[in-house]
Each structure stands twice: as C-alpha cells, then as structure tokens.
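Here, each number is a calculation from the coordinates, and none is a lab measurement. Just so we're clear, the structure is a prediction, and the values are computed from it rather than from any experiment. A quick note on method: Cβ atoms are made from the backbone with ideal geometry, for glycine too, and the neighbour counts reach across all protein chains shown.
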C-alpha cells in the first residue's frame, strides 16, 4: 500500500470487520479488502456505495492539503454519478 492509497475499516453484511483500501490506477480506482491483519489483500469486485463515499471523502480532504488536484475529486464524483445515479453525496 502506498502513501496515496486510501484505507479504512468497515463491517460486512455478516457483521465481521473488514479492512479496505483503494488504489488509483490512472483514472480508475481499484479496491481491495481483507478480513484481518494476517490475511491477504483480495480485489473487491463491485465495491458498495459506502466504500466509494469513503474514497470521495478522503480525496476531498487530501485536495485541501494539495495531495490531490481538484480534478481528481471531480472525476471521482462523475464516476459516482455514473455508477449510482440515485445516490446523493
């Protein structure tokens, strides 16, 4: 995991804790998860809206600190609108 990656923890549908991180590759985001610290990172096929919102929040905060340019946040918002047209963020 690199410095530019965004990581957080959440619970899955069964109530188990998951560690999740997202990595930007070009203009797309790739998500990975693992059930615990000792487990291997596995690609997350279709991340839920809550994961995308975590990434958006982190990118917006990092934009203020000039770690990301404002275009990254706007591209991410456009991707969210495309994937989740009914979501409000």
- Message: What are the extents of the Cα atoms of the chain along their three principal axes, in Å, largest first?
- Response: 35, 31, 20
- Among 10-19, 54-63, 30-39, the order from most to least packed when residues are scored by Cβ within 10 Å on average: 54-63, 30-39, 10-19
- Query: Once the Cβ-Cβ distance between residue 17 and residue 71 is put in as r, and R0 is 35 Å, what FRET efficiency do you end up with, to the nearest 0.05?
  - Reply: 0.55
- Note on the structure: Taking Cα atoms only, helix 49-64 is inclined relative to the longest principal axis of the chain by an angle, in degrees rounded to 10, of 50
- Query: Which distance in nm do the two modelled labels at residue 64 and residue 82 give, with both placed 7 Å along the Cα-to-Cβ direction?
  - Reply: 2.8
- Would you work out the relative contact order for region 6-83, in percent, from Cα pairs under 8 angstrom that are 6 or more residues apart? 18
- Task: For region 44-89, just say rounded, prolate or oblate: build the C-alpha gyration tensor, square-root its eigenvalues into a ≥ b ≥ c, call rounded for a/c under 1.5, and beyond that prolate if a/b exceeds b/c, oblate if not.
- Result: prolate
